[in-house]
Every structure is written in structure tokens, then in C-alpha cells.
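Data block below; observations after.
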Amino acid sequence: MKGLSYCIYVLTAAIHCYMLLVAAQTTDPSEVESVTRIEEALAHFSAATGLIANMNKSNISVASMNDPIKEQLLTVTVSALISVKGSLIDNMKHLNDWKRGDPCTSHWTGVFCNISDADGYLHVRELRFMNMNLSGSLSPELGQLSHLRILLLNGNQLSGSLADELGNLSNLNRFQIDQNEISGEIPKSFSNLNKIRHIHFNNNSLSGQIPHELSNLSTILHLLLDNNNLSGYLPPEFSALAALAILQLDNNNFSGSEIPASYGNLSSLLKLYSLKPIIEKLDKHMFFAHGAVNCITPGHFFRDYGGVLSVRNCSLQGSIPDFSRIANLSYLDLSWNQLSGSIPRNKLSNNMTTIILSHNRLNGSIPKSFSLLPSLQKLSLENNFLNGSISTDIWQNKIFNTTSRLVIDLRNNSVSNISGAFEPPVNVTLRFQSNPICSSTSIRNIGKYCGPDFGADDDEPSNSTNRSGVCPIHACPTDNYYEYVPASPKPCFCASPLRIGYRLKSPSISYFDPYKQLFESYVTSSLQLDLYQLWIDSYFWEKGPRLRMYLKLFPVVGDNTFNESEILRISEIFASWEFRGSHLFGPYELLNFTLLGPYSHLKPEMKGKKQSKGVVIACIVAAGAFAAFVSSIATILITRRRAKYQKILSRKRLSSSLSIKVDGVKSFTFREMTSATNNFDTSTQVGEGGYGSVFRGILADKTVVAIKRAKVGSLQGQKEFLTEIELLSRLHHRNLVVLLGYCDEEGEQMLIYEFMPNGTLRDWLSAAKCKKKLKFGARLGIALGASKGILYLHTEADPPIFHRDIKASNILLDSKLTAKVADFGLSRLAPVQDDEGLLPNHVSTMVKGTPGYLDPEYFLTRKMTDKSDVYSLGVVFLEILTGMHPISHGKNIVREVKMAHKSGVMFSIMDKNMGSYPSECAEKMVELALKCCQDKPEDRPSMLEVVRTLETILQMMPYTDTDPLDNKASFSETTSSASFSNTRSGDLFISSSNVSGGDLISGVTLNITPR
């Protein structure tokens, strides 16, 4: 075996020499591509021969032998994964290919890798073992995969305990072991998972006290521990989890514990579904909750326990905390406990849709504040000791459409009266059985709502969507599973669909039908398909509550089938959590991705062919002599020709690695790009920057695109090119530009985006470039849109991202003037864990960006934080308000606006092209912009605060701009000279074209009467 390994090294060296000879003799840049292809072939050859050279037990390829760091990394990775496999029982043989080679390049089942920006090496980033029927336990060696970001083990039969070593996964973002049989305590070491956002441990047999140390997980969004055997108390320290949106602890055994009052301070909490015992599963008539509207509700569902039922009561005691301070809380379930006292009177969030407080010991009256909840769908208070009256305002204050529903369940209480006219609409279901009110003779038709079976089943029935019957029956070919595309714009068009089993794990709705169209839009936008390409074949509710459905995806009209690359793209989006986050529909499960008919030949795994040892050995015979001859000639020629084309070769090598980074993004050919731009004619050029030029192109299918072409020899541009593709391929938000594809042929590097017909915000603010003028309302909308895009980058992108180059020229406007943030070439991922296991609040990096927009603190310390983006955005706000450039003729916009604001002459420097605008709105936007531009980062608002402030200002606008580009004033002065008043009002307007600095005094506002 050693002799064979030596021969392989000789052969590899020979091919290297040949490659160098070709490179040395290259005299035409077009020939460089041949050299690059030889290098690629050598890489594949080295990996393949490495298997033969190490057929005993080694898994290290020859290609890594010349890089000791890579060899060490590969050894650790392979050793850890082999240990993982050894602790699992794989009856279905899913992991049979875990035998040899590099796990990343050999495509081991369930292993997904990418190249680290930090060291340039491939690392294991995801392990996907969902629903593989695996048993056994989790190996502690999993903790050695330090670059792991996603660990999915849900839906198996794993047992045993969780090892402390798993707490070493400092880069882990998503940790799912739900629906297994894992037992033991949750290790305290999990408090070291500093980047974790999703913990799904529900439906296991975990026991013991929830570690209060988990309160150190400052990034956690979803903490799902329901349906276990956890006991002890609820850690009050969890109130420090500022980002926590979902806390699910129901069906555990917190006997005698109280709900900490501090939980009322969980400012980001959207859903508290925490305290319902498993006993409710015994009686289907006691099971009511189906979710909530307008909230994020991932992860609550029950496992089918088969013949084994764990019947236990959570037995939580004490009073209900005041949750009115949680601004976005929308789902509250504290049922089946021993809670006592009255229900808090303070008004809950307007987003509140579901309140379930049944089966407790609550007394007192029903709060009148419940009538102030516009989104309420379910109020479940049965089996308590409530008394007094119920106000009909609870349903009379609501606006119902044909699909709206409201269920109010007060059975088994002591309610004695109804206040208000009792004429509930058909959308309202009332249950009053076993209340004194049922004996009243003065309330008309009260008996209708007091029967034992009235409204007993408020679940939405199973549903199959109906197709149009206008097409001939059996007209589509059946041999390839063709069928009519139900929503096709072309009548009776036949195509073969992809069939998908899909389940919403914890939808935020009780009834799906009113939200069906919204769901269709959500799915198709995430998959980048047209609405007509999706058909919901059927759907039905399961216990949990979960919503199961069967979807069909059809190809575009004109194509009867999907091509293979499109199928792979769609399947990868489903499998890799690339759906954009949904506050309404929550997380999902892919149950099956069925390939029938013309797709049945496709296989998800690609297996490499084994190399013949005889062929390899035969090649080695000639390799030795060939290597000696070629290397001597190459040594002479390489010094003469190599340097001339070094940059081009470097560029091509970089381009050849892109396939690892851009899965799911379309690759365009250079010919397609030249055709789209008429060979990059200057008439198609629409912009130019440090990176290169931007062209307007028209693809073969008539799609208008923006093509960003890098300058030749721009090494920094190459790095930005890789960064932007890596980031944009994972980002999906209406206020971020959409990356359609890329081109890396012919020594070129191009990014292809959706075309923004209205150019950049900077163009609209420059009087010399744009004759049309933006009104204040339109500018406010653009500011809000850009802010929402940046908020997504900071809080919802996975992982979070700092843009690092926010400026007016990087905010693009579509045909409707919707703002879209662009240019991610300088972006950086959020902080990584340091050597001490701490998560810093900044990224140390070389200072880059645009003068005038740079955060002063970042410039001095090189510490980039989310507040650095806030500063840059504040400068953009000042541009929007004044039309000024950040730096012009030696003047800095921040300093100039601060001086004007302090002197009381702010309106004198406002952009005179904004028309008329409410002075109070303008003042508040100025104040927000200046807060964003504070010198100290801690004095600046967060992006969430920026968005909320802009939304408040937008709500203050007393009229709607129907034409944001019409610069004619909608309001005028009643006299030629303005009068002053100390009374501020949202109805006061200022016409920016008629205000001078001398007319304004600090602390007063122009009183201009509208027409």
C-alpha cells in the first residue's frame, strides 16, 4: 500500500509539471481557461486517488497532504463523524456512504459544507438527519464540529442523554431534536451556545430543572421545551432574554411553581404557550386551541404517544402576571393549571388573537379590555369561577368579513348577565352552558347558546380545494402524470406537477381558509414562482395544532415539466430552511417531496464512481519518467511567461470555486450577457462605481435585468463578488434587491439583479439628475422601506449581517418607488465567539465604507456593530430631508443639521423640492435622524426602534399622497405672511418652498390653514 501511495504521488507531481508547462507557454488569455480546467481535473484526480492510497482505515485524501492544517481539520472532522455514526443505529442504511473520502467533497448523506471566510477551508456546517428512523444516542464527539450551524435530528427514535460536550458548538444556530426519546437533564453547558436562535427540544423525555444558565442565550428566538418531564420552577432569569419570541413549556410537571411576574417584561415575546398539561389529550372535546393570527408560533405540536400516555398535571399556582407591557404578544395559553385570582385588567396587545385560560381557579369578572382587541379569534375561559357580566362589545367592536370567526367559551362559570344588545352575528360562536345566565328569561334566544352540544366542534373541517370544471375530463396525457394546471392563465393547460407533503408545525391561525391566498403568496414568493404555479390540493388540521396539506407545484406555462436544475433548486429551498420567516404561518415540516412520471429517474444523492486500481497503476508506470522530463522544461519556461497572466489565472481559479457558494442561484453564460446588453454597448450602461459598471440588459425571455460587471483586475472586487453572492442567495425580503444569478465565464465576474427602473435614491435627491421631485410622504415611505430591509439583515437574516456600506446610492427604487437595499460587497456577518467563549457585540475589521457615512466610533476603533449601520442610515435620513450630500465643499451634513436644529432654523435647510408637509412629522423625522447620528453607539436607537418610529410618523400623516411625484402643494397659506403659534398640531403644514431661516423661531410652529 505504501508503494502504491508513492506511485500516486509521482503521478500527481507529473500532472502538476505538465500543468505548469502549459501555463508557462500560454500566450493568449483565452488559453488560460484550459490551464484552469487542468487544475480542476487535478483536484478531482487527487481526491479520487486519495481513496485508493488510504483504503485501510484512513480517510485523508492525497490532496490534503501538502497542507498540514487541512489534513488536521479533515482528520478531526472524519473522526467526529465516524463516532457519531458509531453511536447511531441506522436500520435503513441511510449512512452507508460514510466510509471513505472527505465528507464534504464525497457527499456523505446528510452532511453539508461550505467554505469559511475566516480560513478558506471547507467545514461541516449542517447535519440533516430528519425522519431517518435512526435510533441509538448522540455521540459527545459531535461537539468537535466547531463550525456546525444547523443540527437537525428531529423525527427519529434517539434515546440517551445530551452530552455536555454539545455545548462546545459555539456557532450553532438551530438545534432540533424534537420527536425523539431523549432523556436526562438539559446540560448547563448549553448556555455557551452563544449564537443559538432556535432550540426545539419538545416531545422527548427530558427531566429535571430547566437550567437558569440558559438565560445567557441572548440571541435565542424560539425556546421549545414542551411535552417533556421537566420539573422544578420556571427560571425568572428568562425575563432577561430580550430577543425571545416564543416560549413553550406546556405539558411538563412544574408542580406548585408560579409564573414569574418578571415574564411580563419579555418585550419581544409573541407567543406564550407554556403551561397546559398532557391530560387534555385524553378528551378530544376538551381540545380547542388552533393558533393565533399575526404572530410567530413555531414549534408547538404533540407527538403520537401510541399506547403509552403520560398523564400528569403541571399544577402551576399563583396569579396571572400582567402581560400588557409585551407590545406584540398575540397568543396566550395558561390553561389546565391551578392559577387563581382575577384576570389582569390592563389591555393586552392589539395583536392578541388567542386567549386560553380555561381549567383554572380564576375568579372575578371578565375584563372589559377584552373588547378592545381587534384581532381576537378565540377567548377560552371555561371551567373557572368567573362571575358578573360579559360585554357584547367583544364582538360588536370587531369588523367581520365572510370568513372571519370568533369563539367565546364561558362554560362552567358563574356569568349572570350580558351588557349590551344581544344580537351576535353568524361569525360568532358563544358557549354559555352551566352559567346562571342560561336561566335568564329576559335575554332573547339565550337558550340557543346554552345547550351541551352547541358549537361543540369549532375546528375547521378538512378541506379539498375544488378545481374548475370547464376543461374536458381526461384530456391530459396520463402516462406522465399530467393534469390540468388549475390556476393557469392559459385555459386547460396540461403539465406534470411536483407533489409535496407539507405541514405547518404551529400556525398562528385558527382557520386557514381566510388566509389561503396569503399563504399561496408566501410560498410562491419564497420559491420564486408565479402564483398560478401553486395549487393546494387538500389540507386538514392535526392535533398540536398542526396544519397538514398537500401541495402541487406546476412548471411555467409553455413547459409541461420542470427541468432538473429547477427541481433541485426547489427541493433545496424546502430542505435548507431558506423560506423567509413568517409571523403568521410559523415553521414548517417537509413531509415528502414525491417525484413521479417524468421526474421518477431523479435521485437526491449523487454517488461518485469508483476508480479502477488497475488503471491507476498502469498510469503510474509512465508517470515517473514523464515527471522528470516535464519538470525540467517547465522550470526554464515558467519564469518567462507565468507572471504576465498571473492575475487572470487567479481570477479564473476564484471563479471556479463559486459552485460551492451559490447553490440555487442561476448561472448565466457570458454569451447570454453579451446578447442581453448588445455586447455591453455604452447605451445600456446605467451606472458605474468602484466595483465596476452596471448595465441594463434584456434576457431571452424578455426579463429586464441589471447586470453588475466587475472591473478587470479588481482583486477587491473579486472578494466582494463572492461575498455578495453568498449573502444575497440567502436573503429574501421585499426591501432587499433580488439576486437572479451570476456569470463567471471568460475571466468575467457579473451579478444579475432584478432591474430597478427608478434608479437610486441619490439620483432622486440630486436636482441635476432628476426633474421629478419626491414629496415628503414618498420620502418617508422610502426611509421606512430601507429601514425594514436593514432590520431584516440585523435580526432575521440567518446569520445576522452588518451591511457596512449603507448610503443613498445603495438604496434602489422600483417602479412603485419601493425602497430596496443593495450592494452587499462590503457586508460582514455578525460577531463570532471569541477565544474565551464570549459573544462580542462587534466585529473587528478593517475600516471600509463611504466617507460621510462612516460611524465615527467604527472609524476610530475598527469595531463594527449594528449601530454602525444605524449611523449610516441616519445620514441617509438627513439626505432625504435636506437633499444635501453627506460631504460637500468641506461641509459635513451631520454637523450642519445639528447646528441648524440647535439654532432653531432647521426648516431653512430642508429640501425645497418636498412640497408641503406636516411640520410635526418633519420635526420627528429630524429628531430620529439626529439620534441615529449620535457619536456614541449606545445613544443611537436600534433598527427596531427606528422602524417603529417611522411607522408612527407615517400614521401621523393627515392625508394620503396619491401622487408622490406631484410637486404641487396640497395646502397653502391663508395669508402672505405666516403667523406663529405656540400650539403644535399634526394638522399644521409647512411649504418648504416658502420658508426662510429668518421666519423660524425655536419652539414655535408655522400655523398654515389647509384649503
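Selection of the stretch 174-193 for residues being buried (at least 21 other Cβ atoms within 10 Å of the Cβ) and out of contact with any helix residue (DSSP H, G or I) (no Cβ under 7 Å at 6 or more places or on another chain) yields F175, Q176, I177, D178, Q179, N180, I182, I186.
Residues in the stretch 236-255 that are surrounded by 18 or more Cβ atoms within 10 Å (Cβ to Cβ), in contact with a strand residue (DSSP E or B) (Cβ under 9 Å, 6 or more places away or on another chain) and not aromatic (F, W, Y): L241, L244, A245, I246, L247, Q248, L249, D250, N252, N253. Considering (1) assigned to a helix (DSSP H, G or I); (2) surrounded by fewer than 21 Cβ atoms within 10 Å (Cβ to Cβ); (3) among the hydrophobic types (A, V, I, L, M, F, W, C), the lone condition that V523 does not fulfil carries the number (2). Applying the criterion of being assigned to a strand (DSSP E or B) and of a type in the set (D, E, K, R) to the residues of the stretch 107-135, the residue that is farthest from T77 (Cα to Cα) is R128.
The rows are residues; the columns are (1) exposed (fewer than 13 other Cβ atoms within 10 Å of the Cβ); (2) at pLDDT 75 or above; (3) part of a loop (DSSP other than H, G, I, E, B).
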{"position": "T441", "(1), (2), (3)": "yes, yes, yes"}
{"position": "R444", "(1), (2), (3)": "yes, yes, yes"}
{"position": "P477", "(1), (2), (3)": "no, yes, yes"}
{"position": "A487", "(1), (2), (3)": "no, yes, yes"}
{"position": "S506", "(1), (2), (3)": "no, no, yes"}
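Filtered by the rule that a residue be buried (at least 16 other Cβ atoms within 10 Å of the Cβ) and not in a loop (DSSP other than H, G, I, E, B), the stretch 328-352 gives Y331, L332, D333. Mind checking whether some residue in the stretch 431-445 is within 19 Å of Y511 (Cα to Cα), under 39 Å from the mean Cα position of the chain (by Cα) and in contact (Cβ under 8 Å) with a residue 24 or more places away in the chain? There is no residue in the stretch 431-445 that is within 19 Å of Y511 (Cα to Cα), under 39 Å from the mean Cα position of the chain (by Cα) and in contact (Cβ under 8 Å) with a residue 24 or more places away in the chain.
Selection of the stretch 846-874 for residues being modelled with pLDDT under 90, crowded, with 19+ Cβ neighbours inside 10 Å and aromatic (F, W, Y) yields Y853, Y858.
Being buried (at least 23 other Cβ atoms within 10 Å of the Cβ) and assigned to a loop (DSSP other than H, G, I, E, B) is the filter here, so list the residues in the stretch 732-743 that pass it. If the condition is that a residue be buried (at least 23 other Cβ atoms within 10 Å of the Cβ) and assigned to a loop (DSSP other than H, G, I, E, B), then V737 is the only one that fits.
Considering I500, I536, the condition of being over 30 Å from P799 (Cβ atoms), among the aliphatic types (A, V, I, L, M) and buried (at least 17 other Cβ atoms within 10 Å of the Cβ) is satisfied by I536 alone. Of everything listed in (1) assigned to a loop (DSSP other than H, G, I, E, B); (2) at pLDDT 90 or above; (3) crowded, with 18+ Cβ neighbours inside 10 Å, the single unmet condition for N154 is (2). The set of residues in the stretch 536-548 being touching a helix residue (DSSP H, G or I) at 6+ places or on another chain (Cβ under 9 Å) and either over 21 Å from S571 (Cα atoms) or among the hydrophobic types (A, V, I, L, M, F, W, C) (or both) consists of I536, K543. Pairs meeting the criteria (first residue in the stretch 381-400 and under 23 Å from L334 (Cα atoms), second residue of a type in the set (F, W, Y), beta carbons under 6 Å, at least 6 apart or on different chains) are I394/F370.
Can you go through I399, I418, I355 and tell me which one is of a type in the set (A, V, I, L, M, F, W, C), over 28 Å from Q317 (Cα atoms), assigned to a strand (DSSP E or B) and in the same structural domain as P452 (by TED's automatic domain parsing)? Write out each step before concluding.
Numbers: I399 fails: assigned to a strand (DSSP E or B); I355 fails: over 28 Å from Q317 (Cα atoms).
None of the other options fit; the residue is I418.
Residues in the stretch 931-946 that are part of a helix (DSSP H, G or I) and crowded, with 19+ Cβ neighbours inside 10 Å: C932, P937, M943, V946. Among the residues of the stretch 886-930, those that are surrounded by 18 or more Cβ atoms within 10 Å (Cβ to Cβ), of a type in the set (A, V, I, L, M, F, W, C) and not in a helix (DSSP H, G or I) comprise V905, M910, M914.
The values are calculated or read from the model by the stated rules, or taken from the named source; none is laboratory data. These numbers were taken from a predicted model, which means no experiment stands behind them. Cβ atoms come from the backbone with ideal geometry, glycine included; neighbour counts cover every protein chain shown.
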